[in-house]
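Structure record follows, encoded as structure tokens.
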Amino acid sequence: AKELVEFRNLETHFKTSAGTVKAVNDVSFSIREGETLCVVGESGCGKSVTAMSLMQLIESPPGKIVGGEIIFEGKDLLKLSKKDMSRLRGNEIAMIFQEPMSSLNPVFTIGKQITEPLLYHLGMTQKEAKARAIELITMVGIPRPEKIYDSYPHELSGGMRQRIMIAIALSCNPKLLIADEPTTALDVTIQAQILDLMRDIKGKMNTAIMMITHDLGVVAEMADFVVVMYAGKVIEEAPVLELFKNPQHPYTQGLLKAKPVINQRQERLYSIPGQVPNPVDLGDNCHFHDRCEFCMEICKAKTPPLRTHADGHKTACWLYEEEGKAQ
Ligand code: SF4
Ligand code: MG
């Protein structure tokens, strides 16, 4: 399929009292039309910041996109005016978050919140917008849509609110839906239902999905393609089956071996020994070297390039480079 989004050497930094954090450090990857791409990694690896950079919702200061391009349908989003970007947001590119309660406005009815983008982006009349809203509420699997239309967010369960967020996100038929940990705050049964719903919708609407998750179960169920991030960098990417069958990077191998801690909602679910490096002083090295059982001299001195080592499969690790093999 054709490329819909291409991140090219994206750099997003945050100024902190301890120094500059390179939250997104030279990140490049593409999302193809109609594809579900999962970005996976631990808390703080840069996956949410990558998505927020695309939406241009980085809080500045302290954050700033300092380099790179984000090409969407041939245009660099980073060069668009604020006005053009706000026209794309919620229209061609929509986003759903982990906590639907904090993204829904508690003082407005569900109906008002679903019709708003239809009025703003699509110029529908109030009557058309209401009819479309009822359709959308039905599409996301909520019974008695007329009643829900007049309800307030607090009258709905967490799972229902996430369904409403999906309805709002899909209201303008976006080409890209960004979902940042959309099921993390929900209990396991509801999680499964929301994932089913998203798969179902993707099948019907051919929306590309950029799904951010720390949960490899979600990856296995949802992804066509996987990007693994570590300390602000892409360290591996591959089609989902290839990645699960043949993980190349020692970090990815560790993720696949590690067992998640059941019923723990923090993102630190993995039992790979060691700590994520201090993001303020990442040096010219492999950022995983302190935790890697295969660490060689070159790993402490040079950052490995992200390169193709199998069909559609890229890895950033000296084990797969001539210079590493020589050690
Ligand atoms: Fe381990 Fe070296 Fe590969 Fe980094 S580059 S993952 S330290 S072997
Ligand atoms: Mg996050």
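Derivation of every value follows stated rules applied to the coordinates shown; laboratory data play no part. Quick caveat, the model's predicted, so the values are computed rather than measured. Note: ideal-geometry Cβ built from the backbone for every residue, glycine included; neighbour counts use all protein chains shown.
Worth pointing out:
- When the helices of the chain are scored as -39500 (n - 2.57) per DSSP H run of n ≥ 4 and the total is divided over every residue, the value at 222 nm lands at -9500 deg cm²/dmol.
- Expressed as a fraction of 2.2 N^0.38 Å, the value expected for a compact globular protein of N residues, the C-alpha radius of gyration of the range 90-228 is 1.00.
- Evaluated with a Cβ-only charge set (Lys, Arg +1; Asp, Glu -1), the chain carries a dipole of roughly 700 debye about its Cα centre, given to the nearest 20.
- Relative contact order [Cα under 8 Å, 6+ residues apart], the chain, whole percent: 20
- Here, P(r) means the percent of Cα pairs in each 10 Å bin from 0 to the largest distance; for the chain it is 6, 25, 33, 24, 10, 3, 0.
- Between 0 and 90°, nearest 10: helix 126-139 axis offset from the chain longest Cα axis: 60
- Using the Stokes-Einstein relation with a Kirkwood hydrodynamic radius computed over Cα pairs, the translational diffusion coefficient of the range 101-171 at 20 °C and a viscosity of 1.002 mPa s comes to 183 µm²/s.
- Axis angle, to the nearest 10 degrees, between helix 110-122 and the longest C-alpha principal axis of the chain: 80 degrees.
- Gaussian network model of the chain, springs between alpha carbon atoms under 10 Å - residue of E242, E116, E59 with greatest fluctuation: E59
- Degrees between helix 158-170 axis and first principal axis of the chain (Cα, 0 to 90, nearest 10): 90
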